Amino acid sequence: WSPDVDELMRQSRHRPCYRQLWRLLSGLQKHKSSWPFLQPVSKDDVADYYETIKEPMDLGTMEARLEAKQYMAPEDFIKDAQLIFENCRRFNDEGSPR
């Protein structure tokens, strides 16, 4: 969490502050460890990914949703961001052969 996320959570459910969402997304995309999450997972690179992950999410998809103003509330944006990490943990769990 960050102060930006806390502020977003206080925003009205009907009026997300897109400037703050863009700032958060940009920060996520620029993070040195974000490269695996910038685009959807390729079926060619990871053939079984979509057998395990039924609701994929990535930062590129989030960017497209933000551009289309599909986030009706800050919580929707945060849910997608959390989904990226949940999918990563699920697919790469401790018992995983990966």
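The values are calculated or read from the model by the stated rules, or taken from the named source; none is laboratory data. From a predicted model like this one, the values you see are computed outputs, not experimental measurements. Note that each Cβ is placed from the backbone with ideal geometry, even for glycine, and that neighbours are counted across all protein chains shown.
Side notes on the structure shown:
- Single residue of region 59-98 satisfying the filter (among the hydrophobic types (A, V, I, L, M, F, W, C) and not in a helix (DSSP H, G or I)) that is modelled with the highest pLDDT: Ala68
- Number of the exception - Gln20 against (1) out of contact with any Asp or Glu (no Cβ under 7 Å at 6 or more places or on another chain); (2) modelled with pLDDT under 95; (3) part of a helix (DSSP H, G or I): (1)
- Tabulated pairs, region 82-93, first exposed (fewer than 12 other Cβ atoms within 10 Å of the Cβ), second assigned to a helix (DSSP H, G or I), C-beta under 9 angstrom, 6+ apart or interchain: Phe85/Phe37
- Selection of first residues in region 29-58 that are assigned to a helix (DSSP H, G or I) and of second residues that are among the acidic types (Asp, Glu), restricted to Cβ pairs under 7 Å at least 6 apart or on distinct chains, gives the following pairs, ordered by first then second residue: Phe37/Asp58.
- Being exposed (fewer than 15 other Cβ atoms within 10 Å of the Cβ), in a helix (DSSP H, G or I) and at pLDDT 95 or above is a condition met by no residue of region 6-15.
- No other residue among Lys69, Lys43, Lys79 is loosely packed, with under 11 Cβ neighbours inside 10 Å and either under 19 Å from Asp4 (Cβ atoms) or under 11 Å from the mean Cα position of the chain (by Cα) (or both) apart from Lys69.
- Index of the failed condition, Ala47 passing every other in (1) more than 17 Å from Asn92 (Cα to Cα); (2) modelled with pLDDT under 95: (1)
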